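Bear in mind that the values in this text are calculations on the coordinates, not laboratory data. Being a predicted model, the structure only gives us computed values, none of them experimental. For neighbour counting, all protein chains shown are included, and Cβ atoms are generated from backbone atoms with ideal geometry for every residue, glycine included.
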Amino acid sequence: MDFYPINLVYFIIAIPIAVLFYIILLKIKTQNKSLMKLFILSVFLFIVRLNLIFFADTIGIMPYLKEDVIFYTLLMIFGVIMTFLYVSKVEKVSFKEIGWDVQDVKKSIIFGLIGYVPLVCFFPLIILLANIQISTAISIGKFIVALSFAILGGFYEEIMFRGVVQNKYRDLFADKKKIIFFTAVTFTLTHLFYLPFIGFGIFYIFVFVMAVILSILRMKSDQLACAILHGGIVFILIIAV
């Protein structure tokens with residue numbers, strides 16, 4: 001397992017940015033400013049991720065991540081805390097209101113697993129176009145990093161995007177197709193530069209398709225189903241390389 005103290009500088013940069021954006025978002029209270037709030041939130045989510053590329057040499061870039069367990073564990077904690085604060089202090093809603101009102105756990109699990117089918121079909125194409133080397137060695141460090149990202153994807157990203165962002169697009173559009181499309185575009189754009197531009201943009205195509213499936217899944221089910229799909233796919237992709 002690796003540890004690069006320089007990676008901790010990320011939090012010195014990211015935490016003040018998070019505080020600044022929370023203050024800005026707290027001042028936008030009225031419903032008729034939903035578009036402005038959506039834009040500022042999207043910029044914030046993009047900047048928080050963008051900062052990671054400045055540490056690419058020591059944290060790695062998807063899908064080849066360094067096994068810095070301390071950094072990625074702290075990143076997971078940072079994401080979870082940030083999510084709780086945003087939902088409770090800025091949106092001022094309960095987690096049930098943004099999709100965690102799970103009525104049927106079995107149904108949520110089944111829906112989440114069904115979502116794997118089209119995404120797993122992408123794996124051979126990603127391996128071919130991105131020239132990914134599949135690894136069968138699973139160290140403790142890799143497992144912890146993959147688990148941290150699975151929690152970030154399944155909890156933080158799903159609440160922020162399929163919970164908060166998608167709900168805001170739902171307030172703006174009546175057409176479900178527009179809600180799905182714009183949520184997927186927003187999600188994909190926040191990954192800009194963090195994913196490599198290789199293989200005809202295969203990583204971005206994959207992220208966009210996954211975002212579309214997750215938005216549809218959210219409309220058909222709940223956040224648990226989305227968390228099972230998103231967290232699981234991220235875990236598999238990291239553990240496999």
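The ellipsoid that matches the Cα gyration tensor of the range 169-241 has semi-axes, each √(5λ) in whole angstrom, of 23, 17, 8, with the longest given first.
The dipole here belongs to the chain: it is taken about the Cα centre, uses +1 on the Cβ of Lys and Arg and -1 on the Cβ of Asp and Glu, and is about 840 debye.
Ignoring lysines fewer than eight residues from Lys168 along the same chain, the ones with Cα atoms less than 18 angstrom from its Cα are Lys27, Lys29, Lys33, Lys37, Lys89, Lys92, Lys96, Lys176, Lys177, Lys178, Lys220.
Here the residues His191, His230, ranked from fewest to most Cβ neighbours within 10 Å of their Cβ, fall in the order His191, His230. Distances between placed amide hydrogens fall under 5 Å for Ile28 paired with no residue 5 or more residues away or on another chain.
Full extension of the chain segment joining Lys106 with Leu26 gains 25.1 nm, where the gain is 0.36 nm per residue of separation less the Cα-Cα distance.
Its Cα gyration tensor gives the range 6-64 an equivalent ellipsoid. The semi-axes, each the square root of 5 times an eigenvalue, are 29, 13, 5 Å from largest down. Put a dot 7 Å past the Cα of Ser34, heading toward its Cβ, do the same for Val80, and the two dots end up 3.1 nm apart. Just so you know, the Cα atoms of the range 5-239 work out to an Rg and Dmax of 17.3, 52 Å.
Scanning the chain for DSSP H helices at least 15 Å long along the axis (C-alpha atoms) with a Kyte-Doolittle mean no lower than 0.5 picks out 9-26, 34-50, 69-85, 140-151, 176-189, 202-220, 223-239.
Over the Cα atoms of the range 149-205, what is the Rg over Rh ratio if Rh follows Kirkwood?
With Rg and the Kirkwood Rh in hand, the quotient comes to 1.03.
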